[in-house]
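Here's the structure, in structure tokens; my notes come after.
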Amino acid sequence: MRENFFKPIAYFMLILILPLAEVPFSFAKASVFRSLEISSEGLWKFSKEDISFVPEQWNAGARLNLSSFTGIVSLNNKSFLWGAKVSLLNKTLPFKLEVLSGKLTFSQAISRMKNPSLSLPSALHKAPFLTPGISPSLPAFNGSDRDISFAINLSPCGSLHWFPKLESAFSLKGEGYASFFRDFSFSWMPNGSFSFTWASFLLGKKNTDSWYQDFPFFPEKNYGVMESEVNLLFQNFRFSAALGLHEHPFQTAAFWMRAYASFLTEHFTLHTATFLSDKNLICPDLSMPKPYLQFQLNPQIHFSPGTILFESGLLFNADFCKTKKRLSRYYQNYSLRFDTSLTCGRCNFSFFNGVKFSTEDEEVTYTGKLLFSAKNRKLSSKSSLSFSKENYTDTFTFSQSLSPVTKKRVSPAHLKSVSLSEKITFKKENFHSAQTDFSFTLGGSFSKIKWNLKLAAEVCFIPIDKNIRF
């Protein structure tokens, strides 16, 4: 008990001591102190059954930025987060070194290993591009709790610029990651990159008495995962692909592959995406991707006469899945989405319409959204109206946000944004619930100190009589 009490204090003292590394490694003539950011957020939820003035979600933290050091401390209703980063850059050395510690976050290849399947993007999305590396980063103020990790980033420069960039990390939980990637270009290809990532995840499943399990239990140990990735960028063609290989507790290995191809012209764009995996793939978070085969086709048109920009696109997605229940069977999900956007000066109007059909339960889901935004010299406004229909449930949502246009001059205090959202739900043509969300954000800066305060409230109303008709 005493050890758990002193852990946060020890981490906080470590962040205060680490800036001393700034002294021997600072070669800039500018001031060591760059900025101090202070942030606080709170969310209150109210309903007829529960009226409490204690925030359900909250966080408060500070971020210190020095010329070669960054430290962050954050406390929220679920966890205590901390992190520190020291950047060592000496003009006499042909590389840049970054050392990170704390409750770090990882993305890029690590995210693909945990969830390799395709997501459903907008029909007006840009050409997909897989980002290499593991991207170790300091935690955010409102981040979730995670294990303590240590990471090193090594970026060659100068005479060693042709060496690959290296990123590695390990956690006190017993997991480790390593990645190297290299950019290249030729006269016939403006840009390209290649990367290789290796990770060791601690996996294991306890035995249960449940009749319906995705897979049997297996003892906990480290399992290796590898990913190789390539990006090729030409003037009118882009190709990006990643191949993953997972060590498997019940077979030698399981694989997955994700690939994107884009054809680009002045007024027409065609994006394609494919995902293929082993049907028994087990991801590091003990999940099994539902689709083992996915395909997306997305044609788009673009016109910009004068100050007007018109964009329209159609996205078709097909998922071939296998149920994870005791009696396995195959089914398909088909979805079609249409997006249109019209921009004229500082005003934008856009909408999308989508439909999804699943052969598993033979249900059809409809979604739609209208969005209007405008901006002048002093104010930026965004309004949206959305509708969805799924499983005899109709949902209408209206939202409005306002934010003053940021000025270059320093202001000790000002209003950053205000937003209001109203969500009304019907079930089988009967009124079911209403939810109102409201938030506003204040901020400011003086000297090199910045502060941010966000307050939000959620009010939910569920009537006693569920047969109210409109």
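Just so it is clear, none of the values below were taken in a lab; they were calculated from the coordinates. Just so we're clear, the structure is a prediction, and the values are computed from it rather than from any experiment. Here the Cβ positions follow ideal geometry from the backbone for every residue, glycine too, while neighbour counts run over all protein chains shown.
Things to note:
- Remark: relative contact order (segment 255-377) = 16 percent; criterion is Cα-Cα distance under 8 angstrom and separation of 6 or more residues.
- Förster radius 35 Å - calculated FRET efficiency between LEU172 and LEU442, Cβ distance, rounded to 0.05: 0.40
- Shape category assigned to the chain from the gyration tensor of Cα positions, a/c cut at 1.5: rounded
- Rounded FRET efficiency, nearest 0.05, which uses the C-beta distance separating ASN348 from ARG146 and R0 of 25 Å: 0.10
- Cα-based shape type of segment 237-289, given that a ≥ b ≥ c are square roots of the gyration tensor eigenvalues and the cut on a/c is 1.5: prolate
- The sum of -39500 (n - 2.57) across all DSSP H runs of n ≥ 4, divided by the residue count of the chain, sets its helix-only mean residue ellipticity at 222 nm to -1500 deg cm²/dmol.
- Cα gyration tensor, segment 57-118 - rounded (a/c under 1.5), prolate or oblate: oblate
- In plain terms, the chain from PHE234 to ILE462 could stretch by 76.6 nm, reckoned as 0.36 nm per residue minus the Cα-Cα distance.
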